[in-house]
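Undergrad: Pasting a structure here, questions to come.
The values are calculated or read from the model by the stated rules, or taken from the named source; none is laboratory data. Remember, it's a predicted structure, so these values are computed and weren't measured experimentally. So basically every Cβ, Gly included, is an ideal-geometry build from the backbone, and we count neighbours across all protein chains shown. Please note that ligands, DNA and RNA were not included when accessible areas were found on the heavy atoms of the full protein model with its side chains. Shrake-Rupley method; radii C 1.70, N 1.55, O 1.52, S 1.80 Å.
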Amino acid sequence: VITVPHCVAPKAEPTYDRKHFGLPEDKFLFLVMYNSGSVMERKNPLAAIKAFKEAFCKDEETKKKYQNAGLVIKVAESELSADDESIINSVIDKDDNIYYMCGHVNKKEVNSLLADVDVYVSLHRSEGFGLVMAEAMYLGTPVIATNWSGNTEFMNNDTACMVGCDLIELDKDYDVFKKGNVWADAHVDEAADYMKRLYEDNVFYNKIASNGQSYAKEHLAYKRSADIVSERLKAIHSGDM
């Protein structure tokens, strides 16, 4: 079996800036983004919210100290799950600097949003590949992610902030994910520590951003996949299979 890597080459448009999305221009923004059709429990935005609140909203003193930190929650196709918005709103306080976005945006807007924010967060419980994480890395946006599932093919401790997890057994069905299956439960406290470190430590921030971008542009490039396919076809043609 010859593996041909997935390719990414997202392009951001300067016209789709924070003002376009109605987001504050003076805050350090973390972004969580998912599609309601992808099962909220799997994408696990509540863990990211909990980590953000643990890092920056524990009490009034902490909120004051980190008043420039904000969290953006972007939900696509929210109509596919009527409960998602109410569940998310139930854990958000109005003074938490958390911004909720729903509705359709085009692909260029998605790319631009990834570039507009400071950090992308995915505390997923499972992933097929992790396309948005790969695109964020390509655009130079540091990623905090669960150290589990498809994204570990292109992410490691040098290229991203990898969050430890416990593997847990599902006690009921979640759409196609059935009772008895196993998925990951990210360590919220570790994610909160990464959030604070990226917010406070410019050297660490720039290192993760640069390493992630360099890795994505080299290992997830169209040319690399094309070269693998080309070499495989040559081997088949020559009989060296």
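Undergrad: Checking Val132 against (1) surrounded by fewer than 19 Cβ atoms within 10 Å (Cβ to Cβ); (2) out of contact with any Lys or Arg (no Cβ under 9 Å at 6 or more places or on another chain), which single condition isn't satisfied?
TA: Every condition holds for Val132 apart from (1).
Yes/no matrix, rows are residues, columns are (1) in contact with a helix residue (DSSP H, G or I) (Cβ under 9 Å, 6 or more places away or on another chain); (2) among the aromatic types (Phe, Trp, Tyr):
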{"position": "Glu127", "(1), (2)": "yes, no"}
{"position": "Tyr138", "(1), (2)": "yes, yes"}
{"position": "Leu167", "(1), (2)": "no, no"}
{"position": "Lys172", "(1), (2)": "no, no"}
{"position": "Ser225", "(1), (2)": "no, no"}
{"position": "Glu231", "(1), (2)": "no, no"}
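Undergrad: Restricting to segment 135-158, name every residue that is open to solvent by 10 Å² or more (accessible area, probe 1.4 Å) and of a type in the set (S, T, N, Q).
TA: Within segment 135-158, Asn147, Ser149, Thr152, Asn156, Asn157 meet the criteria.
Undergrad: Mind checking whether some residue in segment 107-118 is open to solvent by 10 Å² or more (accessible area, probe 1.4 Å) and basic (Lys, Arg)?
TA: Yes, the conditions are met somewhere in segment 107-118.
Undergrad: From the list Asp93, Asp118, which residue is among the acidic types (Asp, Glu) and at pLDDT below 95?
TA: Unique residue meeting the criteria: Asp93.
Undergrad: Those residues that are open to solvent by 100 Å² or more (accessible area, probe 1.4 Å) and without any contact (Cβ under 8 Å) to a residue 60 or more places away in the chain, I need them from segment 159-175; list them, please.
TA: Glu169, Asp171, Lys172
Undergrad: Scan segment 189-207 and give yes if some residue there is part of a loop (DSSP other than H, G, I, E, B) and either crowded, with 22+ Cβ neighbours inside 10 Å or in contact (Cβ under 8 Å) with a residue 24 or more places away in the chain (or both), otherwise no.
TA: The answer is no; no qualifying residue exists.
Undergrad: Before we move on, is Ser210 in contact with a His (Cβ under 9 Å, 6 or more places away or on another chain) and either in a helix (DSSP H, G or I) or modelled with pLDDT of 95 or more (or both)?
TA: no
Undergrad: So the check is Cβ under 8 Å with 6+ separation or different chains; which pairs have a first residue in segment 124-149 that's more than 21 Å from Leu167 (Cα to Cα) and a second one that's among the basic types (Lys, Arg)?
TA: Tyr138/Lys217
Undergrad: Does Val1 qualify as being more than 19 Å from Met133 (Cβ to Cβ) and without any contact (Cβ under 8 Å) to a residue 12 or more places away in the chain?
TA: yes
Undergrad: Of the residues that make up segment 157-176, is at least one modelled with pLDDT of 95 or more, within 30 Å of Lys27 (Cβ to Cβ) and polar (S, T, N, Q)?
TA: Within segment 157-176 (the criterion being modelled with pLDDT of 95 or more, within 30 Å of Lys27 (Cβ to Cβ) and polar (S, T, N, Q)), the answer is yes, since at least one residue qualifies.
Undergrad: I've got another one for you. From the list Val182, Val163, exactly one residue is of a type in the set (Val, Ile, Thr) and touching a Phe, Trp or Tyr at 6+ places or on another chain (Cβ under 9 Å). Which is it?
TA: Going through Val182, Val163 in turn, just one is of a type in the set (Val, Ile, Thr) and touching a Phe, Trp or Tyr at 6+ places or on another chain (Cβ under 9 Å): Val163.
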